[in-house]
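Enquirer: First the structure, then my questions, so here it is.
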């Protein structure tokens with residue numbers, strides 16, 4: 001029987017999380033319906049990786065280059081247990097396949113440890129009791145649940161939404177009900193704000209500082225002083241093995257790893273048996289990755305997921321939904337962008353605007369990039385804002401006017417400075433300082449927030465005294481990219497901006513901002529702008545020692561994928577051929593290592609396509625290279641490198657015929 005304290009904590013957590021049954025709206029608008037978590041759709045894959053080096057923490061899943069789909073409820077379950085048990089028994093019973101198959105079936109279904117031992121003793125009569133015990137223990141390890149899971153996903157793929165969904169389903173009693181008595185959803189971004197510690201100093205135990213800080217931080221993420229749970233209740237939880245920590249957004253705080261206090265807090269978290277931590281892939285260094293037993297990838301939406309969302313979004317205007325689905329079916333590059341859920345949400349958001357629909361129809365599908373999508377959303381929000389609140393000031397405002405208004409200039413400056421200074425958090429000190437700037441004296445934060453891109457973290461106080469954040473990190477990154485573009489285009493500030501890019505270009509925190517910037521630059525006709533940007537991301541920087549080339553190659557792959565004209569890499573880029581050759585020479589040395597980076601970045605050169613062709617044609621291609629090539633082929637489907645989907649699959653089948 002559970003202690004009353006445990007029951008109370010569990011019940012209160014379930015009441016809290018089960019009440020969070022809708023996703024927060026991306027844009028606050030009464031016309032936009034909040035999405036119910038009962039309609040949630042996600043696809044996950046376990047990333048299987050080989051790790052036989054003695055110095056590394058061995059991941060439980062050890063097959064290089066392979067992926068397996070996994071249902072959410074099975075995210076902790078051991079995989080391929082039959083095959084692993086069979087491999088173990090083959091050493092003990094050589095040339096007895098039929099007998100092994102029978103034993104495997106019995107062992108795989110058996111949960112009782114004593115009965116497993118008895119099965120082995122009956123079937124391995126020549127083994128001593130200690131030998132059988134060792135085999136039984138090995139089988140139990142194979143069958144044991146995973147504890148620590150690293151959940152990877154690109155920007156906007158829905159990592160935070162998934163954490164929300166997991167806690168909601170547990171709260172409803174529909175997920176891991178028997179496995180965990182306590183689930184705590186922890187938003188790591190809250191660590192960016194030192195004020196989270198306010199009011200907790202009395203709980204900090206000098207003899208166990210990291211643990212007491214973790215307990216207080218968990219409490220803060222539950223709502224702090226407004227939570228129905230006390231810090232003491234959390235501290236009093238005894239059975240830590242029945243606790244699951246859902247850590248959201250490691251990529252948003254990874255830059256804090258130089259701080260001793262942060263490292264100790266993460267170390268304390270990873271002492272717990274059951275942890276799921278989300279991150280963008282590029283923010284997790286190998287040392288951190290190896291502390292997890294399993295890596296799972298949130299792969300975004302397939303065609304079914306996109307269609308489900310569009311249907312639900314336009315359930316009261318089915319004609320618009322039909323038009324959008326038809327548009328996506330004939331614009332494969334834009335549909336590929338929609339595999340990232342936030343991009344589908346954004347296109348649905350602006351699709352009701354006829355001007356934007358017409359603009360999308362006129363754009364070349366091959367050259368469409370995410371910067372164009374975000375620009376259209378910002379313009380759409382700007383038009384709504386100025387028509388509603390500033391009608392007397394601006395009539396029939398143009399796209400260019402919106403992007404150059406003081407409101408947008410203000411947002412650009414705070415987006416960039418917050419990205420540099422805190423990684424995300426827009427502090428109230430920064431807001432006050434900017435509002436006191438002579439360029440923004442006529443603005444106030446209340447009206448800026450009505451634009452729909454920035455929001456206060458709390459309520460109750462004077463809004464000017466509150467920390468803020470952008471509606472999604474990707475919007476902050478896009479708006480920061482707009483700031484950098486304007487700085488690069490200004491003769492007074494261009495060299496300072498270029499030096500800033502050169503200094504930070506290999507920092508994972510800036511990858512998405514630089515991707516947006518590459519797209520913005522590509523959409524511009526300013527040759528000088530193109531040259532200074534590409535020099536900043538490729539040339540050596542004085543005083544900076546770059547160790548290793550991998551990060552640079554990954555960066556260049558992402559940037560070139562956003563820089564196309566008529567489906568080809570933009571030939572206005574200085575030293576384009578040399579950049580491509582550098583990437584291709586490194587990547588093609590071992591395509592199996594770079595497969596995921598090719599898919600994630602969207603970079604496909606003619607050399608890579610040619611190499612994939614050749615590896616598929618050869619009858620003696622290395623198996624891992626063949627698997628990597630097939631993986632890359634799947635990313636070609638939406639890019640028309642081989643023509644339509646039917647042509648891709650027809651050609652693939654013909655190439656694979658023996």
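The values are calculated or read from the model by the stated rules, or taken from the named source; none is laboratory data. If you're wondering where the values come from, they're calculated on a predicted model, not measured in any experiment. Note that we place each Cβ from the backbone using ideal geometry, even for glycine, and neighbour counts take in every protein chain shown.
Enquirer: Being touching a helix residue (DSSP H, G or I) at 6+ places or on another chain (Cβ under 9 Å) and part of a helix (DSSP H, G or I) is the filter here, so list the residues in the range 84-100 that pass it. Spell out how you get there, then give the answer.
Expert: Taking the range 84-100 first, the residues touching a helix residue (DSSP H, G or I) at 6+ places or on another chain (Cβ under 9 Å) are 84-86, 88-90, 92-93, 96-97, 99-100.
Across the range 84-100, the qualifying residues are 84, 85, 86, 88, 89, 90, 92, 97, 99, 100.
Enquirer: Here is a follow-up. With without any contact (Cβ under 8 Å) to a residue 40 or more places away in the chain and either within 26 Å of residue 457 (Cβ to Cβ) or assigned by TED's automatic domain parsing to the domain that holds residue 107 (or both) as the only criterion, which of 210, 230, 167, 154 stands out? So that I can check it myself, show each step before the final result.
Expert: On the way: 210 fails: without any contact (Cβ under 8 Å) to a residue 40 or more places away in the chain; 167 fails: without any contact (Cβ under 8 Å) to a residue 40 or more places away in the chain; 154 fails: without any contact (Cβ under 8 Å) to a residue 40 or more places away in the chain.
Matching residue, one of 210, 230, 167, 154: 230.
Enquirer: Restricting to the range 223-265, count the residues that are assigned to a loop (DSSP other than H, G, I, E, B) and surrounded by fewer than 20 Cβ atoms within 10 Å (Cβ to Cβ). Full working, then the answer.
Expert: Here is the first cut: in the range 223-265, the ones assigned to a loop (DSSP other than H, G, I, E, B) are 223, 227-230, 236-239, 249, 253, 259.
Now narrow it down to the ones that are surrounded by fewer than 20 Cβ atoms within 10 Å (Cβ to Cβ): 223, 227-230, 236-239, 259.
Residues in the range 223-265 being assigned to a loop (DSSP other than H, G, I, E, B) and surrounded by fewer than 20 Cβ atoms within 10 Å (Cβ to Cβ): 10 in total.
Enquirer: Before we move on, is residue 157 farther than 30 Å from residue 336 by Cα and buried (at least 20 other Cβ atoms within 10 Å of the Cβ)?
Expert: Criteria not met by residue 157.
Enquirer: When the residues of the range 519-542 are filtered to those that are under 15 Å from residue 558 (Cβ atoms) and touching a residue at least 60 places away in the same chain (Cβ under 8 Å), which remaining residue is surrounded by the most Cβ atoms within 10 Å (Cβ to Cβ)?
Expert: For the range 519-542, the residue satisfying everything is 519.
Enquirer: Among the listed residues 300, 321, which satisfies the condition of being surrounded by 15 or more Cβ atoms within 10 Å (Cβ to Cβ) and on the phi > 0 side of the Ramachandran plot? Talk me through it step by step, then tell me what you get.
Expert: Values: 321 fails: on the phi > 0 side of the Ramachandran plot.
So the residue among 300, 321 that is surrounded by 15 or more Cβ atoms within 10 Å (Cβ to Cβ) and on the phi > 0 side of the Ramachandran plot is 300.
Enquirer: Restricting attention to the range 324-337, report how many residues are farther than 24 Å from residue 371 by Cβ and crowded, with 19+ Cβ neighbours inside 10 Å.
Expert: Total meeting the criteria: 0.
Enquirer: Shifting gears a bit: Is there a residue being at pLDDT below 90, buried (at least 18 other Cβ atoms within 10 Å of the Cβ), part of a loop (DSSP other than H, G, I, E, B) and touching a helix residue (DSSP H, G or I) at 6+ places or on another chain (Cβ under 6 Å) anywhere in the range 400-421?
Expert: no
Enquirer: Among (1) on the phi < 0 side of the Ramachandran plot; (2) surrounded by 17 or more Cβ atoms within 10 Å (Cβ to Cβ), which single condition is residue 111 missing?
Expert: All conditions pass for residue 111, except number (2).
Enquirer: While we're here: I need the full set of residues from the range 457-501 which are assigned to a loop (DSSP other than H, G, I, E, B) and touching a strand residue (DSSP E or B) at 6+ places or on another chain (Cβ under 7 Å), in order please. Before you say what the answer is, go through the steps one by one.
Expert: Taking the range 457-501 as the starting set, the residues that turn out to be assigned to a loop (DSSP other than H, G, I, E, B) are 457-462, 466-467, 471-472, 489-493.
Within the range 457-501, 457, 466, 467, 471 qualify.
Enquirer: Looking for something buried (at least 21 other Cβ atoms within 10 Å of the Cβ) and within 23 Å of the chain's Cα centre (by Cα) - is there at least one such residue anywhere in the range 346-361?
Expert: Checked against the condition, which is being buried (at least 21 other Cβ atoms within 10 Å of the Cβ) and within 23 Å of the chain's Cα centre (by Cα), the range 346-361 yields at least one hit.
Enquirer: Evaluate the following for residue 268: is it over 27 Å from residue 558 (Cβ atoms), surrounded by fewer than 20 Cβ atoms within 10 Å (Cβ to Cβ) and at pLDDT 90 or above? Break it down stepwise before answering.
Expert: Values: over 27 Å from residue 558 (Cβ atoms): yes; surrounded by fewer than 20 Cβ atoms within 10 Å (Cβ to Cβ): yes; at pLDDT 90 or above: yes.
Taking the combined requirement at face value, the residue satisfies it.
Enquirer: Return the residue satisfying two criteria in turn: it lies in the range 422-456 and is in contact (Cβ under 8 Å) with a residue 40 or more places away in the chain and in a helix (DSSP H, G or I), and of such residues it is farthest from the chain's Cα centre (by Cα). Before you say what the answer is, go through the steps one by one.
Expert: First, the residues of the range 422-456 that are in contact (Cβ under 8 Å) with a residue 40 or more places away in the chain: 422-428, 447-448, 450-455.
With in a helix (DSSP H, G or I) added as a condition, the list becomes 428, 447-448, 450.
Details: 428: 27, 447: 31, 448: 28, 450: 28 Å.
So, considering only residues that are in contact (Cβ under 8 Å) with a residue 40 or more places away in the chain and in a helix (DSSP H, G or I), the one farthest from the chain's Cα centre (by Cα) is 447.
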